[in-house]
Amino acid sequence: MTILQLLQRLQQIDRRIIYLALVTVLSLPFFVEYALPVYPDTCTRQTFTALEQLFSDPQTRRKIVFIISNWGPGTSGENGPQFEVLLRHVLRRRMRFIFLTTADDPIFIESAQLGVQRAIGAEQRRALAAGQPLPEWTYGVDYLNLGMLPAPVFASIADTLLTRTLSLVPIDYVLRRPLTPENFPLLENFRGPQDIALVLVVSAGDEAADVCGIVQSQLPTLKVATATMGIVATDLYALVRSGQLCGLINSARGAAEYLSLIDPGAPTMPLENSMSLGKLLLLFLVLLGNVAFLLTRHLQRAGGLPSAELPRRPLAPLPRKLVLALFAGLIAGYVACTAIEVFRTTHYGVVRQRLPRPGDDPAGRYAPYERVSLGALRSQAQQLSGAREPDRAAALARREFARLLESRIGEFVAAILTLGVLAFLIGDNRFYRVTEAIIIGSGMAYFLVEKWDKVLRPLWVEPIAAAATGAAPRTGMLWLLLLLPGSLWYFVYARRLRWLNQLIVALFVGFAIGPEFQKQVGLMLPQIIDTIRPVWPLTVDGTGRLTLDAVRLEHLIFVIVLVLCLCYFIFFFRPRGRAGTGLLTAGRLALMVGFGALFGNTVNTRLAWLAPRIGFIWQEWIGKLFAT
Amino acid sequence: MRRRLIWAAIFVPASIYLLLFFTGGALAFGPRRLDLSPLANIISTCVPVLTVMAVGLGVVNLFSLHGAALVKHRPEWPLSLVVCLSFALTFWACVAQNRLDARRRQLQAAAQAARAEVRTFQNLSDPAPPDQALRHLTHEQRQALEDLQAFEDSYHFEPRRFYATYVNAPLASTVMALLGFYITYAAYRAFRLKSLEATVMMLSAAVVILGSDPVGGALSRGILPAWADFDNRVIAAGMQRGLRLGIAVATIAVSLRILLGLERGIVDVQHKED
Amino acid sequence: MPSTRLGRYEFFAPRAATVLVGLLSVIHLAGSSLASEADPTADAGTIRAAVQRGALAAVVAAVLLGIYAARRGRALPIRQIPGLLALRQAVASAAQVRRPSLFTVGGAGDVTRVQSFAAMPLLRLVARLSGKYQNRLLVPVCYPAMLPVHTHAIRAGLAEEGAPEHEVACEIRFFPGGQFFFAMAATGWMLEEKPAACFYFGWWEADSLLFAETGQTIQATQIAGTDQLSQIAFFIAACDHTVIGEEFWAASAQLSRDPQLLGSLGAQDLVKLAILFVILAGILLCFHPGFAAWIAAAREIFVSRGTGGA
């Protein structure tokens, strides 16, 4: 192989080799622990300061923090640490809070509930380590879970959610009790948006922008902060600059930075280390590719060869024997893990998370998991309930044991499905195809049931049934009229009356364009007004000296970039002469810098999705095998 | 006529939103006031319900394909069988869960009176009977409470929750995790110093990636994070605001064109059918 | 050829509606002015609402003026959008190599997003070209309610080409389960069918890279267009052509060459220039201390002063 060929190969490394390198690199921190220094950025510091001031203000301390938690296991790599660290701040300052989700999947509210428990556990561990008494937070007094309020489009519910919350949510999620101050003392001080100290949006999307554009435009004193993924956070910086957002936590990095502000000196977690290594590998590969590219071009020019684009090569299938060996190894490994787990569960008990205990050595390090037998669970249940109800203690212990066992079985199911999806990376294969078929079939069934349970039954069937039985006013029967437009969907199959289907489609076009007018104007005006600020960076200070105002200089650059990008999309503008071409080129370059920043933020987000899955395989699925 | 009806179907709901916006949710005629917010509530109910009513289209589309593969014994029939089996199993799981939930609701409803009776004696942090209030309950009320407690204290396999937690969620999050692999390869393949624009984009991305990483911060003693911060807060934010202002105007303009029936190709009727 | 004249009814109804809304607004303002006199704290809210409505009315008026001007033959010429020019060539190339084309609005393009509908003129064009070249067209769909939307666009495109019988070669497949399940199944379909031209338009979220990279592995020509700025970077990295932001919204005007749509596009540009003028004039006026105080007051009304604002 010549040097030129080698360099060309380096520019076109088989993607599967890169994937393997990435998995290896991401897995290392789960076996080797180390700490990295963290430098909180300006936005994170400002968020911390803003929330600290808010939580210290006697006026706002009487109010509650309203948390919209729209994240699930899919985005737990970024949103999980964000939720936990923000909640730790809220808990530490003894601010009362309520939380809910507008996603229509119970896993979202359960992720939030788990996040609350983890945050409480973390604060308790911190207190123990600091020699303080174990702090406690009481459900219904200090915090409340309002459950799910499904909204396919958040913008359509944003206003009502914050201005008429209690009219939308009838019972709480945990105890299933009516939301009255008698049931939940926290509600004594919550009547409406005037009692909200802060709206905290932790999500994978930009719901905070809807809160700002739709709700805050009517209630400008409403404080809104958000924690979201890097790729979405970049969109929201503009809202921070305009003051519409008082805080923004950007991706898992932002969570780590925030943790360093509330807990200075805390070490970086394996997840953060894993993402760090992933980013370094990415940059190394980019560097490698570019070095190879530049050397190739140099050699081609030196050799008098034309510099040609490298031909695109299709993804070659792996050798059949290699594929068979891979899958055989996978199946053998899975069977071995199953056998080990069955043996250890039978002999030592079922695996569970180890919680901090009052007697723990503050300087000690304890394993994250432990095995517990049914007998041990029964003893613990009896200690908690005392000698009053020995039968109940036994039943509770059996229930807990069964739930832990179910959880462990579930992890094995999740592991094989995870591996099935990852098999897509090596190309088209049977294992992946079967997983895909399971995705399609189960996805369809779940989709049908979810839509019935979350939308059709509560919003349509139950009001009609209540009206029919007299439990609600008879006008509820008018909802039956929805059958008329609803049936129009199926006229797409009719030959002659096909146009009737276009009526329902047109109706949805109307529903889609209707809110856009208010939303776009509500977002646009504050941004225009916020852009109008002094930009001349040279100011005269008190002693008469000329100084450079950094904030104004930044704003000047901001305005220049804004003008260039806005001008780039003037469609009737045709570049004439060097000035016009120069303007377009400058606009294009500004766009490329911006998109590069977006790409960079997205790298953080995507690796924050990948690292937890790798972590699940090593720490949860395989790691728990060896718990004692 | 058909064209006008279709246009009216676009115009009416969009106009309601415009009316709500321009009137602030209420029409004021001197001292009298007409509240329009029920309109907003009706629309917010109609939209999701009507969306769900289309689900039959998806069922027909999916099962016509896989059903035909099974019936006609096409080469891909084993995968179609897996589709149908996983559909059936998941559907059973969800239906079984509904039965369990119905039983739970029935017990809760039966115990509701008893719970109301003892409400004032319940302590949220220790809801453990027995206490004084139980003495005032009837035998039936006490039995209902005991039945509910026995149900909640015992373990019930919840198939739908199992599916959502251990099948659906891991599948979805692993699919998302694939993006980590793809973005790494996309960066390696696409970021080449081929032109000024490509170079600029690559450098900007590299600064943000490294600046957002603790290693980058440690190596540069905080300089790279500051540059990344500047890139995000100033340049990317300026670019975004510039584009967003334009997109906002464009969205309003296109929505207006659709509203006025000027935009063809959105929902169209052929001239000969008109 | 699309009609370039509005029928009398279509022209009358929008004017009537505009008058009606304006009248109601006047009635409302007249009614609410009495209320605000009684409650001074309502002033800021009234000002904000009035300015928002005024701004929207100004943009709407500008767009309507642009349309009027275009009807009188005064439309401004616009520049070409490269991504849209490449679209025709991509379908033709796919037909040459006898591989299908693929069009999708992605896993987030549901029926409540106006971007999904804005992508339909492009699907219509792709369908028309597929009919012209007698090439297969694959359309994966994530939401059942979008099935008829796609069906109508394809039928309309084929009817324009005079090839309605080609509908049998256009396959619309529904993949359930939400954005990511859809992306997995649809990309699996791509691996199976190996389309030579892939088109991604509409509201895109994270699944954009799944499609774009899969298209790379099968060496498809890829053209994408969205106003989701966060996804554009991926499309730029992985696709052959990308239609960015506003260009996506201008697509239907450019494709149809309808003077009224082009006129509205010109009006949009004038609105943007007006916004630029307001911003630059405001910045210049900031040198005046009186104006600086006034703009700070305006920021109080329109922009919530969170303590973290830069």
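The values are calculated or read from the model by the stated rules, or taken from the named source; none is laboratory data. Note that the coordinates shown come from a computational prediction; the quantities given were computed from them, not determined experimentally. Ideal geometry is used to build each Cβ from the backbone, glycine not excepted, and the neighbour counts take in all protein chains shown.
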_Index of the failed condition, C:S130 passing every other in (1) part of a helix (DSSP H, G or I); (2) surrounded by fewer than 23 Cβ atoms within 10 Å (Cβ to Cβ)_ = (2)
*Of all residues in region A:237-259, which are facing another protein chain (nearest Cβ under 7 Å) and under 13 Å from B:R233 (Cβ atoms)?*
A:Y237, A:A238, A:V240, A:R241, A:S242, A:L245
_Residue satisfying condition, being touching a residue at least 12 places away in the same chain (Cβ under 8 Å) and either within 25 Å of C:W203 (Cβ to Cβ) or within 14 Å of chain B (Cβ to nearest Cβ) (or both), within set C:L129, C:L85_ = C:L129
*Given the conditions (1) surrounded by fewer than 16 Cβ atoms within 10 Å (Cβ to Cβ); (2) outside any helix (DSSP H, G or I), which single one is not true for A:F97?*
(1)
*Take the residues in region B:181-239 that are closer than 30 Å to A:R533 by Cα and hydroxyl-bearing (S, T, Y), then tell me which one is modelled with the lowest pLDDT.*
B:S212
*Name the residues in region B:1-42 that are at the interface with chain C (Cβ under 10 Å from one of its Cβ atoms) and polar (S, T, N, Q), would you?*
B:S15, B:T23
*State the number of residues belonging to region A:147-171 that are part of a strand (DSSP E or B) and buried (at least 22 other Cβ atoms within 10 Å of the Cβ).*
0
_Quick test of your reading of the structure: C:Q96 fulfils all but one of (1) more than 22 Å from B:P13 (Cβ to Cβ); (2) within 12 Å of chain B (Cβ to nearest Cβ). Name the failing condition by number._
(2)
*Of the residues that make up region C:266-288, is at least one within 11 Å of chain A (Cβ to nearest Cβ), among the aromatic types (F, W, Y), under 25 Å from A:T531 (Cβ atoms) and crowded, with 24+ Cβ neighbours inside 10 Å?*
no
*Specify the residue that is modelled with the lowest pLDDT; the eligible residues are those in region A:566-579 that are over 14 Å from C:A267 (Cα atoms) and surrounded by 13 or more Cβ atoms within 10 Å (Cβ to Cβ).*
A:P575
*What are the pairs, 6+ residues apart or on separate chains, where a residue within region C:201-225 that is assigned by TED's automatic domain parsing to the domain that holds C:E247 has its Cβ under 6 Å from a residue that is among the polar types (S, T, N, Q) and part of a loop (DSSP other than H, G, I, E, B)?*
C:W204/C:Q228
*Could you please tell me which pairs satisfy a Cβ distance under 7 Å, a separation of 6+ or placement on different chains, a first residue in region A:109-131 that is closer than 26 Å to A:A151 by Cα, and a second residue that is β-branched (V, I, T)?*
A:I109/A:T101; A:A112/A:T101
*Residue in region C:236-265 that is farthest from C:E205 (Cα to Cα), counting only those that are assigned to a helix (DSSP H, G or I) and facing chain A (nearest Cβ under 8 Å)*: C:L265
*Tell me, please, whether a residue that is farther than 30 Å from B:A111 by Cα and surrounded by 24 or more Cβ atoms within 10 Å (Cβ to Cβ) can be found in region A:182-199.*
yes
*Output for region A:270-288, where each listed residue is touching a Leu at 6+ places or on another chain (Cβ under 9 Å) and either farther than 19 Å from A:T602 by Cβ or polar (S, T, N, Q) (or both)*: A:N273, A:S274, A:S276, A:L288
_Meets criteria (touching a helix residue (DSSP H, G or I) at 6+ places or on another chain (Cβ under 9 Å), part of a helix (DSSP H, G or I) and at pLDDT below 90) for A:E450_ = yes
*Just name the residue that is surrounded by the most Cβ atoms within 10 Å (Cβ to Cβ) out of those in region B:71-100 that are within 30 Å of A:P106 (Cβ to Cβ) and more than 9 Å from chain A (Cβ to nearest Cβ).*
B:L100
*Would you pick out the residues in region A:520-559 that are charged (D, E, K, R) and either in a strand (DSSP E or B) or without any contact (Cβ under 8 Å) to a residue 40 or more places away in the chain (or both)?*
A:R533, A:D541, A:R545, A:D549, A:R552, A:E554
*Given the residues A:Q113, A:Q82, which is the only one that is in a helix (DSSP H, G or I) and closer than 20 Å to A:V232 by Cβ?*
A:Q82
_Candidates A:F517, A:F491 - the one that is in a helix (DSSP H, G or I), more than 8 Å from every other protein chain (Cβ to nearest Cβ) and farther than 16 Å from B:I266 by Cβ_ = A:F491
*asked:* Could you tell me how many of the residues in region A:236-258 are surrounded by 24 or more Cβ atoms within 10 Å (Cβ to Cβ) and either in a helix (DSSP H, G or I) or at pLDDT below 80 (or both)?
replied: 13
*Lone unmet requirement of (1) crowded, with 19+ Cβ neighbours inside 10 Å; (2) farther than 30 Å from A:E33 by Cα; (3) facing chain B (nearest Cβ under 10 Å) for A:R606*: (2)
*Just wondering, is there one or more residues in region C:222-239 that are closer than 17 Å to C:R99 by Cα and not basic (K, R)?*
yes
*Checking A:I622 against (1) at the interface with another protein chain (Cβ under 7 Å from one of its Cβ atoms); (2) assigned to a helix (DSSP H, G or I), which test does it fail?*
(1)
*Please work out which residue is farthest from A:T42 (Cα to Cα), limiting yourself to region B:208-223 and to residues that are part of a helix (DSSP H, G or I) and more than 7 Å from chain A (Cβ to nearest Cβ).*
B:L219
_Can you pull out every residue in region A:554-601 that is at the interface with chain B (Cβ under 7 Å from one of its Cβ atoms), within 21 Å of B:L203 (Cβ to Cβ) and of a type in the set (F, W, Y)?_
A:F558, A:F595, A:F599
*Would you mind stating whether A:F491 is under 29 Å from A:V211 (Cα atoms) and not assigned by TED's automatic domain parsing to the domain that holds A:L553?*
no
